[in-house]
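The values are calculated or read from the model by the stated rules, or taken from the named source; none is laboratory data. No experiment lies behind these values; they were computed from the predicted model shown. When we count neighbours, we look across all protein chains shown, and the Cβ atoms used for this are built from the backbone with ideal geometry, even at glycine. Surface areas here come from the heavy atoms of the whole protein model, side chains and all, with no ligands, DNA or RNA. Shrake-Rupley method; radii C 1.70, N 1.55, O 1.52, S 1.80 Å.
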Amino acid sequence: MIYRKLRFCYPFFLIIFFYLLLSSAACVKDNYLKKDSYALTANAIQSWPADNPRIQLIKTISGPADIGIQKSWFRKTVDTLFGREEYVEQMLRPYSIFADSDIIYVTDPGIACIHIFDLKRKKYSRICEIGGENLLSPIGITVNANGEIFISDSILKNVFVFDKAGKYLRSVVPPEGFIRPTGIAIDEDRIYVVDTHKHQVSVFLQSSGAYLFSFGRPGSDKGEFNYPTNVWIGRDNRIYIMDSMNFRVQVFNKNGEFLYTFGKLGDGSGNFSKPKGIAVDSDGNIYITDAHFDNVQIFDKDGKFLLWVGNSGRKNGEFFLPAGIFIDRDDRIYVADSYNNRLQIFQYLKREE
């Protein structure tokens, strides 16, 4: 009887032994990880334009393994035995991004979760619930100086606020409610939320979530919108709105007063077909992702076309239905390469005058 019990336990002890052995090997491996969180192998680096680089690809991220996090053999074995799927930690359909201090936040409506990649600490986590309720379609995301995370959910018709640990704090909703909240951005004291199906932008106090005002209405005249999608607040405090089905960018001051617009429907350089994300670098250059052209187009602050980056495909530097775009304080450019299930990270090569 004792022999049978020991024989039954033997595979378990064998699993533990190999787990400890492989864990030791993993610790040695971690010591050789690159210190630069954004390092990419030399043969993968690409630049645009090739002869006079202004934009350079520096990294791609599809899941935790790409920032140095590997599931242990023991964890994989346990997950397999208990039927836990490994794919849930991979990005399925990344849409919007916020990045700061080596932490990257990515909305993923494909799995109805937020991916959080901590490049410096080599940690990965997710937000998938609001209290006891699941997120359904997280679209927009931004994070304030206190680490509070603002997420718009287009199906739940709400903007949810979480603390830095992912604990739900409160909601932000206008008096008449949202129809389809999508893009979201914050400045020092305000929250700007695009409501795609209301064809307008709602503005709230960041501290309390109190509703202040809205601007925009359906139409194609100046200050009117046709299914706007994303918003960016520039360092000049201007509000840049991707007016997607009017195939243009509209620029406003922080009080929602119209300043200027550029862009039109077309298939040439500088035209739009299915524009999605919008972001602005430290020099005021404006970046637009286009899901039909599978590229990023770059314009100067006056809307003059400068350069395009990428084309259709699955290799590094290529895109398949790109969506959101974000530029951090160091002019790193993050693009949600949605149907390639990854982020691509570029560097704007700023030149001193």
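Worth pointing out:
- Calculated Rg and Dmax of region 102-252 using C-alpha coordinates, Å: 15.1, 48
- Net charge of neighbours whose Cβ lies under 12 Å from the Cβ of Ser207, counting Lys and Arg as +1 and Asp and Glu as -1: -1
- Measuring how big region 265-353 is from its alpha-carbon positions, Rg and Dmax come out at 12.3, 39 Å.
- Members of Lys59/Lys167; Lys222/Lys254; Lys157/Lys254 lying beyond 26 Å, as alpha-carbon distances in this model show: Lys59/Lys167
- Residue-wise HN-Hα couplings along region 252-258, as the Karplus relation 6.51 cos²θ - 1.76 cosθ + 1.60 with θ = phi - 60° gives them from phi, are 10, 7, 5, 9, x, 8, 5 Hz; Gly and Pro carry x.
- Sulfur and carbon atoms: percent of accessible area, region 310-353 [1.4 Å]: 46 percent
- Measuring nothing but protein heavy atoms, the accessible surface of region 122-252 at 1.4 Å probe radius is 47 percent carbon and sulfur.
- Here the Kirkwood formula, the inverse mean of 1/r across different C-alpha pairs, assigns region 283-332 a hydrodynamic radius of 11.5 Å.
- You can think of it this way: the chain between Phe320 and Asn146 has 59.2 nm of extra reach, that is 0.36 nm per residue less the Cα-Cα gap.
- For region 157-165, 3J(HN,Hα) per residue [Karplus equation, 6.51 cos²θ - 1.76 cosθ + 1.60, θ = phi - 60°, Hz, x = Gly/Pro]: 6, 7, 10, 9, 10, 10, 7, 5, 8
- Average 1/r across all pairs of distinct alpha carbons in region 178-269, invert it, and you get the Kirkwood radius: 13.1 Å.
- Amide H contacts of Ile130 (H built 1.01 Å from N, under 5 Å, at least 5 apart or other chain): Leu135
- Here the Karplus relation 6.51 cos²θ - 1.76 cosθ + 1.60, evaluated at θ = phi - 60°, turns the backbone of region 281-295 into coupling constants of 8, 5, 9, x, 6, 10, 10, 10, 8, 10, 6, 8, 7, 6, 8 Hz, with x for every Gly and Pro.
- Other-chain or far-sequence residues with amide H under 5 Å of Phe262's (modelled H): Val249
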